[in-house]
Amino acid sequence: MFIAWIAVGASLAAWIFLLFFRGGYWRVRPSLDSVDRAGPERRAEWPSVVAVIPARNEAGILGDVLPTVLEQDYPGSFHVMLIDDRSDDATGDTARTAAARAGRDDRLTVLRGEPLPTGWAGKVWAMAQGVAEERTAAADYIWFTDADIAHDPGILSALVKKAEADRLDLVSLMARLRVERGWDRLLIPAFVYFFAKLYPFRAVGNPRKRTAGAAGGCMLLRRAALERAGGLAAIRGALIDDCALGRLVKRSGGRIWLGFTRSVESVRVYGTLRSTWQMVARSAYTQLRRSPLLLLGTVAGMLFLYAVSPLALVAGLIGLSLGITGSGVLALLGVATWLLMSLSFVPMLRHHGVGGGMAVLLPCAATLYVAMTIDSAWRHARGRGGAWKGRVQGSRGEMPQP
């Protein structure tokens, strides 16, 4: 019984530390939302921006998403560069049609992607082709966004204002992911919650800390900072390109910022356990630098944080029914730890429009993510790591660590 007390007590202490000394990762802060411009502003006062959108087999989504980029209420010079990454569907034609219907075909250039070179991850190669275009090379800022991300009309102005006012080289926003069905309600907010715990947003924005990260759905990058850091070739093999880019910029002396928002949303529907599993298993082992030791440590750490308290509660209740001394203390420690854990999850659930009652299921979500991570390692061992949209890619890029 004493050993059980020590185990759950240590888990409780770990949660107290996380809640008060891990950058407030659970608060859904800092944040940045769309702005409404008050009247006309002179074009010359705003830096030029080119949006770069890598798109592979996205014909079913682009018609709804691309107009939200093309119709940005931005007073400065703005153009959109969509790279059709050798799609098997009508991605390029869909993009042109969407631009014509929105009356903004003058703002769009569609590039047909070149074959993937050895050593490059597909998305990074598509991004690099957009960056290399003459119009992009002359822009002050590059706005990287994904083909499944929708934006409020004033978000680009908000991003540029933030970058200029705070002299930032990279401003990134975590898109609010779509939550529609049962599995989404449990797994999608948990995905963002675990990401924020790994890369506390306040620590990312602190130049005195090494923690670096970004969210690939919305990244405004100062072009000069990218050139100073060595360009996208420096992260050519990264499967988790956004965090790799954040680390690259921060290591080269750039200032970065990562925040939450309600003005940028993913339209991609997961909806099933299988679809979320595929998303995570694709790159989770890469996040651990394909290290068996890190995998073992991650599994042990996750179970210690998320499984000990439910097990302690159950064991304590069973012990109470059998009259075992100390069982009540064990059950109380389990309840206290589980309560702290659940309360920390409530803000993220509400941010995604999910009721706080789902918070008590965080241990279930954590257990599923542990299983996904183990499966990711198994896929890499079989040479299937990084499989995505018809490509199987190993990761030769080094992953950032906090």
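The values are calculated or read from the model by the stated rules, or taken from the named source; none is laboratory data. Predicted model only: the values in this text are computed from it and were never measured. Note that we place each Cβ from the backbone using ideal geometry, even for glycine, and neighbour counts take in every protein chain shown.
Being part of a helix (DSSP H, G or I), of a type in the set (Val, Ile, Thr) and surrounded by fewer than 15 Cβ atoms within 10 Å (Cβ to Cβ) is a property that does not hold for ILE324.
You will find that of ASP64, ASP84, ASP93, the residue that is among the acidic types (Asp, Glu), modelled with pLDDT under 95 and closer than 19 Å to ILE149 by Cα is ASP64 and no other. Scoring ARG384 on the criteria (1) over 24 Å from TRP5 (Cβ atoms); (2) in a helix (DSSP H, G or I); (3) free of Cβ contacts under 8 Å to residues at least 40 places away in the same chain leaves a single failure, condition (2). When only residues in region 345-370 that are among the small types (Gly, Ala, Ser), in contact (Cβ under 8 Å) with a residue 60 or more places away in the chain and part of a helix (DSSP H, G or I) count, which is surrounded by the most Cβ atoms within 10 Å (Cβ to Cβ)? If we take residues in region 345-370 being among the small types (Gly, Ala, Ser), in contact (Cβ under 8 Å) with a residue 60 or more places away in the chain and part of a helix (DSSP H, G or I), then ALA365 is surrounded by the most Cβ atoms within 10 Å (Cβ to Cβ). For the condition in the same structural domain as ALA139 (by TED's automatic domain parsing) and over 25 Å from LEU368 (Cβ atoms), ALA215 does not qualify.
Table: residues versus (1) charged (D, E, K, R); (2) touching a Phe, Trp or Tyr at 6+ places or on another chain (Cβ under 7 Å).
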site: ALA244; (1), (2): no, no
site: ARG262; (1), (2): yes, no
site: GLY271; (1), (2): no, yes
site: GLN287; (1), (2): no, no
site: PHE304; (1), (2): no, no
site: SER309; (1), (2): no, yes
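I'd like to know if region 296-317 contains one or more residues that are out of contact with any Ser or Thr (no Cβ under 7 Å at 6 or more places or on another chain), buried (at least 17 other Cβ atoms within 10 Å of the Cβ) and of a type in the set (S, T, N, Q). The answer is no; no qualifying residue exists. Yes or no: LEU173 under 13 Å from the mean Cα position of the chain (by Cα) and not in a helix (DSSP H, G or I)? Yes.
Note on region 72-169: enclosed helices (runs of 4 or more DSSP H) holding 3 or more residues that are free of Cβ contacts under 8 Å to residues at least 60 places away in the same chain, crowded, with 21+ Cβ neighbours inside 10 Å and in the same structural domain as ALA55 (by TED's automatic domain parsing) are 91-101. Can VAL50 be described as touching a His at 6+ places or on another chain (Cβ under 6 Å) and either crowded, with 16+ Cβ neighbours inside 10 Å or at pLDDT below 95 (or both)? In short, yes.
Taking the criterion of being farther than 18 Å from PRO30 by Cβ, assigned to a loop (DSSP other than H, G, I, E, B) and touching a residue at least 12 places away in the same chain (Cβ under 8 Å), would at least one residue in region 290-301 satisfy it? There is at least one residue in region 290-301 that is farther than 18 Å from PRO30 by Cβ, assigned to a loop (DSSP other than H, G, I, E, B) and touching a residue at least 12 places away in the same chain (Cβ under 8 Å).
Scan region 217-233 for residues that are assigned to a helix (DSSP H, G or I) and crowded, with 18+ Cβ neighbours inside 10 Å and jot them down. Selection gives ARG223, ALA225, LEU226, ALA229, LEU232. Only one of the numbered conditions (1) of a type outside the set (Phe, Trp, Tyr); (2) surrounded by fewer than 19 Cβ atoms within 10 Å (Cβ to Cβ); (3) within 15 Å of the chain's Cα centre (by Cα) is not met by ALA214, and that is (2). Filtering region 246-259 to residues that are surrounded by fewer than 24 Cβ atoms within 10 Å (Cβ to Cβ) and in contact with a Phe, Trp or Tyr (Cβ under 8 Å, 6 or more places away or on another chain) leaves only GLY259.
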